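Enquirer: Dumping the structure here so I can ask a few things about it.
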Amino acid sequence: MDATLLLMQGLNGLQLGVMLFLMAAGLTLVFGVMNLINLSHGSLYMMGAYLAASLQQQTGSFLWAILLAVPATLAVGMVVEVVTLRKLYDRDHLDQVLATYGLILFFNELVRMVWGPQARFMALPEALSHSVVLFPGMRYPAYRLVIIGVGLGVGGLLFWLIHHTRLGMLIRAGASNREMVNALGVNIKVLYTVVFGLGAALAGLAGMMAGPILSIEVGMGEPVLILAFIVVVIGGIGSIKGAFVAAVLVGLVDTFGRVLLPAGVSSMSICILMAGMLCWRPKGLFPAHG
Amino acid sequence: MKRPLPILLFGLLLLVPLCGEVFYTRLFSRIMIHAIFAISLDLMLGYGGMVSFGHAAFFGAGAYTVGILSLHGVSSALIVWPAAVGVAALLALPIGALSLRTSGAYFIMITLAFAQIVYYFAFGLESCGGSDGMRLATRNTVGGWAGLAGHTVYYHVVWGCLLAVFLGCRRLVGSRFGFVIGGIRQNEARMGSLGYAPFGYKLTCFVIAASIAGLAGALIANEALYVSPSFLHWTQSGHVLVMVILGGMGTLLGPILGAMALLLTEEVLSSFTEHWMIVLGPSLIVVVLYARRGLISLLPGRREARADAS
Amino acid sequence: MKRTGLGILAVAAWVLSSGLPCHAADAIKIGYIATMSGPGASLGTDILDGFKLGIKHCGDKLGGLPVEVIVGDDQLKPEIGVQVATRMLEKDKVDMVTGIVFSNVMMAVAKPITDQGVFLISANAGPSPLAGAQCLPNLFTVSWQNDQTHEAMGKYLQDKGVKRLYLMAPDYQAGKDAMAGFKHSFKGEIVAEVFTKINQPDYAAELAQLRAAKPDAVFCFYPGGMGINFIKQYAQAGLKEEIPLYTTAFTLDQSVLQAMGDAALGLMNASFWSPDLDNPVNKKFVADFKAAYGRLPSLFAAQGYDAALLIDSGVRAVGGNLNEKDKLRDAFKKADFQSVRGKFKFNNNHFPIQDFYIRQVVKNEEGVLTNKIVAKAFTDHADAYCDQCPMK
């Protein structure tokens with residue numbers, strides 16, 4: 001493999017990692033702060049993609065579709081939280097698994113009934129549908145560069161939010177001591193709903209960004225969900241930094257594994273990575289709680 | 001008699017073949033096989049406190065043992081079924097030893113990772129038809145007798161296996177081993193300081209659970225006369241997890257009820273509408289929200305029977 | 001205690017009561033087994049729509065008998081397929097079974113169904129073992145043998161004189177069969193044969209390798225959602241203008257074209273059928289399908305339609321007497337019906353001998369993406385396995 005190709009595959013790995021980070025960030029927040037295992041995170045990803053595809057059809061604009069679909073998935077997430085998940089925070093993890101598994105079935109079927117069984121289409125914005133020449137002999141799809149940019153931007157924003165704002169302080173405090181936050185006169189219920197909505201919006205955003213590249217279809221969330229869980233666990237539950245490092249790691253390992261290893265082995269590469277990581281660091285790379 | 005409920009249940013199950021419809025005999029064979037599978041998971045989950053999301057690996061290992069041995073002309077159940085149990089146990093030993101380094105959500109994910117590795121291995125197994133899987137020509141025989149091919153006979157064999165697993169597990173959880181493993185679930189440090197090495201007990205529990213799952217796998221391969229990677233898929237692990245939680249974990253009757261409830265509901269709903277999942281999904285949520293300890297808690301006088309009464 | 005017992009009995013009674021056989025005289029019961037839920041359900045729905053239209057065109061009857069279609073969902077799991085088949089055979093007592101989208105389900109249910117003396121009309125899956133040594137007298141495949149379509153594209157590219165070819169498919173049985181089938185008829189240089197992970201969403205890494213290998217052309221097989229991902233990304237990477245891409249109908253069919261958008265425009269694919277095939281049956285089928293369902297039919301819908309017409313012809317030939325199995329089998333074998341693909345006949349293994357075309361993706365006058373025939377690859381093409389089948 002020559003240097004150009006190597007660099008190209010590195011970019012591909014980074015781009016995949018950044019997409020995974022958008023998914024994993026919301027998952028790890030909800031997991032770390034509310035101690036909730038949310039299997040339906042992939043359904044929110046799917047909802048994001050479907051909503052954006054429909055809105056693009058209505059408005060004819062990619063940007064408008066994103067701008068409207070993000071708050072829409074935020075709202076969907078908040079409704080789900082208020083109606084069902086709120087009752088599950090003090091429950092056993094297994095009860096959460098069962099209930100959110102129920103949500104997956106519900107959302108998959110709902111989408112199939114509303115949008116039909118055929119896959120949906122989401123067009124690339126005209127300005128981004130070409131390849132950019134990064135330097136002579138190396139072209140890269142413009143849209144994928146945008147994904148990398150959006151992912152890094154959102155990552156930075158999240159860092160700032162968690163470490164430098166009052167909301168972030170409450171989130172961090174809520175993760176370690178719920179009663180204390182309550183005693184500060186903060187309505188923990190509202191805080192949780194907001195955090196869940198934020199996670200949902202991030203998942204939705206990941207779905208929307210994936211929309212023009214991928215087929216928008218029922219069940220598109222599940223494979224990504226598994227990968228996102230892998231990222232969360234490798235990174236350490238509750239850690240945004242861990243999620244970012246792990247996401248890029250997974251993206252790179254998957255990409256280079258696919259290129260360098262025979263098909264049968266490369267399918268297992270991520271699982272081997274996770275198993276190895278956890279044998280080495282049983283609480284992930286950056287354990288959030290000691 | 002102190003335990004009328006299991007007797008009633010097993011008695012009723014004996015009635016199923018009497019209705020004379022092959023379909024119900026086979027459906028309930030499948031249900032009982034899944035009940036065995038679910039009990040084995042519950043042994044780890046409800047009693048041992050180990051949440052595995054990769055239990056299908058052992059189920060599939062049992063099924064593939066049947067398939068691979070049949071390719072080599074070995075068809076006696078007396079060899080094949082113990083082999084299936086043994087293969088599952090051998091597979092569980094390293095997986096369990098490595099996975100038990102972690103706990104909680106990390107344990108869930110590492111078991112999933114190992115199961116996926118096994119899944120992809122079976123997926124690429126050309127001699128067993130790769131992703132398509134392979135058809136078995138006949139059921140296993142017993143000392144040259146091919147009677148298991150009859151669905152009613154086979155039903156009774158499965159019934160016997162379920163009863164044996166049920167009684168065996170009841171003895172196990174009532175034994176000293178059962179108390180230690182329960183103690184480890186509730187407070188690992190304390191049991192450690194009492195001189196019980198938690199790792200050894202947990203690994204033993206993991207391996208026993210896996211071998212029972214291997215038996216269930218051998219049984220399902222014989223029931224469907226088909227071996228396919230779908231037995232190993234992570235959704236299969238999720239499915240059996242749902243059965244256990246739905247029925248009520250930490251009990252031995254719960255998983256049986258859970259397997260029955262889930263598979264019957266799927267069967268009945270899916271014959272009414274192709275959109276059956278939109279009914280099943282919310283029903284699961286309702287069960288979680290309003291039957292906190294699974295379906296078994298809805299039965300009268302069952303609350304105290306749960307392993308952790310806390 | 002009593003309450004529990006009663007509860008269990010009530011459940012048992014409820015389940016059993018739904019199973020009382022009610023076998024109305026002079027009607028035909030058809031079991032339709034396909035993947036109808038979850039991801040992978042769109043083909044099952046498409047075939048069923050075509051099948052229902054076929055029944056409608058036969059006067060809401062098949063072979064003069066009123067029809068009852070019982071739909072079963074195999075959930076894309078072979079063992080569930082066996083369970084559904086058992087229900088249809090034992091409880092519903094169906095006269096025939098059709099549908100069957102995926103090869104793995106087909107391999108699991110074909111023998112149990114046909115062993116009961118029930119006819120199985122495959123409307124999609126055509127795995128090679130069932131075309132060869134394991135062929136079954138009561139199985140009729142109205143679609144194709146899995147390899148055939150790929151052989152057609154291999155022949156076309158061979159004739160075209162393409163030298164260095166790059167092959168790509170998902171790493172599962174159908175993907176391997178597709179590549180094997182293609183190589184039956186393509187004899188040029190294979191630069192690389194790449195198998196990707198099943199249901200892989202992103203192909204950026206593989207496409208970068210592909211570009212670096214500089215082949216003359218690419219042949220790929222990516223059915224369903226995988227194909228949508230692959231084709232979109234192939235175009236977005238700017239490869240469509242650089243290296244010609246060839247594939248088969250499964251990757252570029254009507255059911256996925258709209259989700260690909262312009263990325264698919266102009267691409268070539270092989271198929272036994274096309275919406276613009278010029279015969280009266282096909283014209284009526286396409287027009288009425290569009291009127292009934294508001295979309296153009298896919299080749300899967302066409303297969304479902306032909307399955308209905310085949311059943312109609314067989315049942316008609318035996319005068320509705322479904323117990324005359326041997327006569328019915330002979331009648332099916334004759335395939336005395338007007339297929340949407342024009343002429344149609346069965347080989348000794350009960351798989352079709354048919355023509356294959358090369359189609360190109362175009363926009364029709366309403367701006368909808370669809371396929372148009374540009375060449376013929378094979379005339380009266382038989383599959384590669386029929387010699388291994390002992391049936392005459």
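Please treat every number below as a calculation from the coordinates, not as lab data. Keep in mind it's a predicted model, so treat the numbers as computed, not measured. All Cβ positions, even for glycine, are placed from backbone atoms using ideal geometry, and neighbour counts span all protein chains on display.
Enquirer: With each pseudo-label sitting 7 Å past Cα toward Cβ, what's the B:F179-B:F272 distance in nm, one decimal?
Expert: Each label point lies 7 Å from its Cα, and together they span 4.8 nm.
Enquirer: For chain C, list the DSSP H helices whose alpha carbon atoms reach 15 Å or more along the long axis and whose average Kyte-Doolittle value is 0.0 or above?
Expert: The answer, listed by residue number, is C:2-17, C:42-57, C:103-115, C:299-317.
Enquirer: Amide H neighbours of C:K197 under 5 Å, at least 5 residues apart or on other chains, H built in the peptide plane: list them.
Expert: Counting only residues 5 or more places away or on other chains, the set is C:D171.
Enquirer: Find the relative contact order for chain A and round it to a whole percent, using C-alpha pairs within less than 8 Å whose residues are 6+ positions apart.
Expert: Reported relative contact order: 38 percent.
Enquirer: Now a separate question. Evaluate the distance, in nm, between pseudo-label points positioned 7 Å from the Cα of B:L93 and of A:F135 along their respective Cα→Cβ axes.
Expert: Taking the two extended label points, one gets 5.4 nm.
Enquirer: Mind listing the phi-derived Karplus ³J(HN,Hα) values for segment A:10-16, rounded to whole Hz, using 6.51, -1.76 and 1.60 with θ = phi - 60°, and x for any glycine or proline?
Expert: Coupling constants for segment A:10-16: x, 4, 4, x, 5, 5, 4 Hz.
Enquirer: For chain A, take the longest principal axis of its alpha carbons; what is the angle in degrees between that and the long axis of helix A:240-260, to the nearest 10 within 0 to 90?
Expert: In chain A, helix A:240-260 runs at an angle near 30 degrees to the longest axis.
Enquirer: Quick one: check the C-alpha center-to-center distance for segment C:153-189 versus segment A:223-251, whole angstrom.
Expert: 38
Enquirer: Using amide H atoms built in the peptide plane, which far-off residues or other-chain residues are under 5 Å from A:I216 H to H?
Expert: A:R120
Enquirer: In what sequence do B:F53, B:F58, C:F285 fall when counting other Cβ within 10 Å, fewest first?
Expert: In increasing order of surrounding Cβ atoms, one gets B:F53, C:F285, B:F58.
Enquirer: How many angstrom separate the Cα center of segment B:26-45 from the Cα center of segment A:153-181?
Expert: A separation of 44 Å, based on Cα centres.
Enquirer: I've got another one for you. Using the beta-carbon distance between A:F159 and B:A146 and R0 = 56 Å, what value does 1/(1 + (r/R0)^6) give for FRET efficiency, to the nearest 0.05?
Expert: So the FRET efficiency works out to roughly 0.25.
Enquirer: Averaged over every viewing direction, what's the projected area of the C-alpha convex hull for segment B:64-109? Give it in nm², one decimal, please.
Expert: Here the figure is 3.8 nm², rounded to one decimal.
Enquirer: Based on the Cβ-Cβ distance of A:V190 and B:L194, what FRET efficiency does E = 1/(1 + (r/R0)^6) give at R0 = 56 Å, to the nearest 0.05?
Expert: That pair, A:V190 with B:L194, gives E of 0.80.
Enquirer: Can you give the FRET efficiency to the nearest 0.05 for C:K290 and B:T235, using r as the Cβ-Cβ distance and R₀ = 60 Å?
Expert: The formula returns an efficiency of 0.95 here.
Enquirer: Whole-Hz Karplus ³J(HN,Hα) for segment B:262-271, in order, using 6.51 cos²θ - 1.76 cosθ + 1.60 and θ = phi - 60°, x for Gly and Pro?
Expert: Per residue, the Karplus-derived 3J(HN,Hα) values read 5, 5, 5, 4, 4, 4, 6, 4, 6, 8 Hz.
Enquirer: Now a separate question. How much length would be gained if the chain were fully extended between C:K376 and C:A133, taking 0.36 nm per residue of separation minus their Cα-Cα distance, in nm to one decimal?
Expert: 84.5 nm
Enquirer: If you rank B:S283, B:S131, C:S103 by fewest surrounding Cβ atoms within 10 Å, what's the result?
Expert: Ascending Cβ contact count within 10 Å gives the list B:S283, B:S131, C:S103.
Enquirer: Follow-up question, since we're still on this one. Count, for each residue of A:222-232, the Cβ atoms from other chains sitting within 10 Å of its Cβ, then give me the mean as a whole number.
Expert: Partner Cβ neighbours, averaged per residue: 3.
Enquirer: Fewest to most neighbouring Cβ within 10 Å: what's the order for B:S270, A:S54?
Expert: Listed from fewest to most nearby Cβ atoms, that is A:S54, B:S270.
Enquirer: Then there's this: Taking square-rooted eigenvalues a ≥ b ≥ c of the alpha carbon gyration tensor, is the protein assembly as shown rounded, prolate or oblate, where a/c under 1.5 means rounded and, failing that, a/b exceeding b/c means prolate?
Expert: Note, shape of the protein assembly as shown comes out oblate.
Enquirer: Let me ask you something else. Grab the eigenvalues of the alpha-carbon gyration tensor for chain C, scale each by 5, take roots, and send me the semi-axes largest first in whole angstrom.
Expert: 37, 24, 20
Enquirer: Relative to the longest principal axis of chain A, what angle (0 to 90°, nearest 10) does the C-alpha long axis of helix A:166-176 take?
Expert: 70
Enquirer: For a quick check: with amide H placed at 1.01 Å from N, whose amide H comes under 5 Å from C:D355's, ignoring anything fewer than 5 positions away on the same chain?
Expert: C:D380, C:H381
Enquirer: Here is a follow-up. May I ask you to evaluate 6.51 cos²θ - 1.76 cosθ + 1.60, the Karplus curve with θ = phi - 60°, for each residue of segment A:94-108 and list the ³J(HN,Hα) values in order in whole Hz, giving x for glycine and proline?
Expert: 5, 4, 5, 4, 5, 5, 6, 5, x, 5, 4, 4, 4, 5, 4
Enquirer: Follow-up. Roughly speaking, what is the centre-to-centre gap between segment C:354-388 and segment C:90-136 when only Cα atoms are used, to the nearest Å?
Expert: Cα centroid to Cα centroid, the span is 26 Å.
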